[in-house]
Amino acid sequence: MIAGIILAAGASSRMGVPKALLDYRGETFLNRLIRVMGAVCDPVIVALGYHADEIRSAARGRARFAVNPDASRGQLSSLQTALAEVSHEAEGFLFMPVDCPAAESSTIERIVDAFRGPEEPLLVIPRFEGRRGHPVCARRELIAEFLALPAEGQAKDVVRRHVDRTRYFDTLDAGVLSDIDDPEAYRILQESVR
């Protein structure tokens with residue numbers, strides 16, 4: 001069992017509307033990620049903060065929700081909030097920000113296959129043209145390290161400690177690099193679909 005984590009607690013201040021509710025290929029960012037992660041993850045945990053009620057009421061599909069009591073502390077605190085909900089039986093977890101909606105289902109499946117492969121990496125990270133992206137898949141034993149990070153820390157602090165046990169998964173899916181932080185990035189994403 002691999003838990004899926006979607007980080008959707010941000011204020012979306014540059015976008016002006018909750019990014020989780022933006023449309024991509026006829027689905028909201030959140031609902032698309034619930035669907036594609038739900039094909040390989042159980043459960044899918046959505047970390048909420050700002051706009052929690054609005055986002056939760058628009059969610060479709062099977063997902064659990066964990067509300068970050070202080071989302072202003074940033075993305076790491078939301079990851080930590082969701083990790084506290086991961087079952088002790090989970091072999092690992094897959095995580096990604098909600099504003100990275102474009103990775104293909106088949107890519108996520110292959111990331112999980114690599115995670116379960118004979119190398120038994122601690123982490124699997126997709127790469128497109130040499131650039132690292134999302135989602136990241138990590139073994140259960142790293143949960144304690146992520147939870148122990150200080151408020152000013154970042155998830156990549158844990159990732160850097162384990163480069164020697166990280167499998168980089170090279171893909172032709174440019175969607176692993178999608179990062180929709182502002183209206184211009186969203187416009188470009190929408191144009192790429194047309």
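All of the numbers you see were taken from the coordinates with simple rules; none came from a lab. A quick note: this is a predicted structure, and the numbers were derived from the prediction, not measured. All Cβ positions, even for glycine, are placed from backbone atoms using ideal geometry, and neighbour counts span all protein chains on display.
Placing a label point 7 Å from the Cα of Arg25 along the Cα-to-Cβ direction, the residues of the stretch 99-139 whose backbone N falls under 19 Å of that point are 99-113, 126-129, 133-136.
The modelled label-to-label distance for the pair Lys156/Gln190, using points 7 Å beyond Cα in the direction of Cβ, is 2.9 nm.
Normalised by the residues of the chain, what does the relative contact order come to in percent, with Cα pairs under 8 Å and at least six apart?
For the chain, the relative contact order is 24 percent.
Under the Kirkwood approximation for Rh and a Cα-based Rg, what ratio Rg/Rh is obtained for the stretch 117-194? Result: Rg/Rh = 1.05.
DSSP finds beta bridges in the chain, and of those with both partners inside it, around 30 percent are antiparallel.
Remind me, what semi-axes does the stretch 1-76 give for its equivalent ellipsoid, largest first in whole Å, using sqrt of 5 times each Cα gyration tensor eigenvalue? Mind dumping the intermediate values first?
Numbers: eigenvalues 74, 48, 19 Å².
Result for the stretch 1-76: semi-axes of 19, 15, 10 Å.
Packing here is the average count of other Cβ atoms within 10 Å per residue, and on that basis the peptides 66-78, 161-173, 2-14, highest first, run 2-14, 66-78, 161-173.
Quick one: check the C-alpha center-to-center distance for the stretch 154-185 versus the stretch 116-131, whole angstrom. Between the Cα centres of the stretch 154-185 and the stretch 116-131 lies a distance of 10 Å.
Highest mean first, how do 102-109, 128-135 rank when packing is the count of other Cβ atoms within 10 Å averaged over residues?
Numbers: 102-109: 18.9, 128-135: 16.6.
Descending mean neighbour count gives 102-109, 128-135.
Do me a favour and compute the ellipsoid semi-axes for the chain from its Cα gyration tensor, root of five times each eigenvalue, largest one first, whole Å. Present the calculation step by step, with values, prior to reporting the outcome.
Values: eigenvalues 110, 79, 49 Å².
Largest first, the chain gives 23, 20, 16 Å.
In this rough spin-label picture, where each label sits 7 Å from Cα along the Cβ direction, the Glu85-Arg167 distance is 2.8 nm.
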